[in-house]
Amino acid sequence: MLRGSLLVLISAVGFGVNPLLATAAYRAGVGVPTVLLYRFAVAAAVLWALCASRGVVRPLGRRAVAGLTIAALAYVLQAATYFYAVQQISVGLAALLLYLYPCLVALVTALAARVVPSRAVVLSLVLSFAGIGLALGRVSGAGSLPGVLAGVATALCYTAYVLLTDHLGATVPPLPASAWVCTLATGFVVVVTSVTGTFDPAQALRAPWAVAGVGLAGGALAIATFFAGVAVVGATQASIVSTVEPIISVVGSALLLGAAMTESQWVGAATVLAGSAVAVLAHARQDDVVEEVAMEGTQVHGRPRRAPQG
């Protein structure tokens, strides 16, 4: 348990410093498209190397490839909106807005399974949005509203990504799935930047350490250690440990970028994390309930019965 939790903690630190490294790259003149390109390309290379070392590289069926392609698109949109939000608003606020996703995942899962959202799910929603309201404070300055909207879009895109990858989990192991997602995401970024005329890999030379850090720490290291930790402690425990990610971003932005937060914003940050933890636990209990209902529904009085959809 300790080893698994430490692996997840390392992952959270990697994801947490990701926006800090991206901000350093922006200040050196590197654009969002270039940061995205290296983030996915470096992560894909390292993840495929890990897959090869473990012997888990196998061909996929058409349905799996189609599902991974949609997941990769959602992941690209999540990363793009997140990095844009980091440009427009504080790193800490962008990280907190991202952490609306646990309660959104729990809510969507309940609705998709045709299960009434539990009190814990409702509580997580209340805590998360109340915390975001406190953390926002007085949002002022040009471009702050687009940044907040981008932060909310990040949570929505990541919710879609989590649900898609969860659905694919039964057919594609997590590590190869992540390698495929990062590879396809790299392809999306190359195509879009080439069409829009923003493909400029040489920009990375303006801040090579920051761009490399985004790909290595916030990409390959964070993803690989997270899956290794989940294999030991389970998804629920790993998700709870991962809530230190926005803390890393908030504290790091205060220490390294000079981003100050008021007392009410710190309270809001704590409230958001509480809502995330409640959502993770609610989602785990909800999955157990849905699974029990499905198992009970498969057989009634010795006759097969169709399990509930969702």
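A few notes on this one:
- Overall form of region 98-216 per C-alpha gyration tensor (a/c, 1.5; a/b vs b/c): oblate
- For region 1-150, the spherically averaged projection of the C-alpha convex hull amounts to 12.5 nm².
- A viscosity of 0.890 mPa s and a temperature of 25 °C, combined with the Kirkwood radius over C-alpha pairs in the Stokes-Einstein formula, give the chain a diffusion coefficient of 122 µm²/s.
- Label-point separation in nm, V126 to V152, each point 7 Å along Cα→Cβ: 2.1 nm
- Loop-exposed trypsin sites (Lys or Arg not before Pro) per DSSP, neighbour cap 15 Cβ within 10 angstrom, longest uninterrupted part of the chain: 139-304
- Counted by Cβ distance under 15 Å from A210, the other residues give a net charge of +3, where Lys and Arg count +1 and Asp and Glu count -1.
- In nm, spacing of pseudo-spin labels at L145 and A49 (7 Å Cα→C-beta vector): 4.7 nm
- Distance from region 153-206 to region 63-105 (C-alpha centre basis), Å: 10 Å
- The accessible surface of the chain, taken with every protein chain in place and a 1.4 Å probe, is 68 percent carbon and sulfur.
- With all protein chains kept in place, the per residue accessible area of region 36-113 amounts to 41 square angstrom at a probe of 1.4 angstrom.
- Of all complete DSSP H helices in the chain, those with a Cα span along the helix axis of 30 Å or greater and a mean Kyte-Doolittle hydropathy of 0.5 or more are 2-27, 32-54, 62-88, 144-168, 174-196.
- Modelled FRET efficiency - R0 41 Å, V267 with R63, Cβ distances, 0.05 increments: 0.35
- Ranked by solvent-accessible area (1.4 Å probe, protein heavy atoms only, all chains present), the residues F226, F40 order from largest to smallest as F226, F40.
- Computed accessible area, T198, all protein chains, 1.4 angstrom probe, square angstrom: 60 Å²
The values are calculated or read from the model by the stated rules, or taken from the named source; none is laboratory data. Keep in mind that this is a model prediction, so the values were computed, not measured. Note that each Cβ is placed from the backbone with ideal geometry, even for glycine, and that neighbours are counted across all protein chains shown. Calculation scope for accessible area: heavy atoms of the full protein, side chains included, ligands and nucleic acids excluded. Shrake-Rupley method; radii C 1.70, N 1.55, O 1.52, S 1.80 Å.
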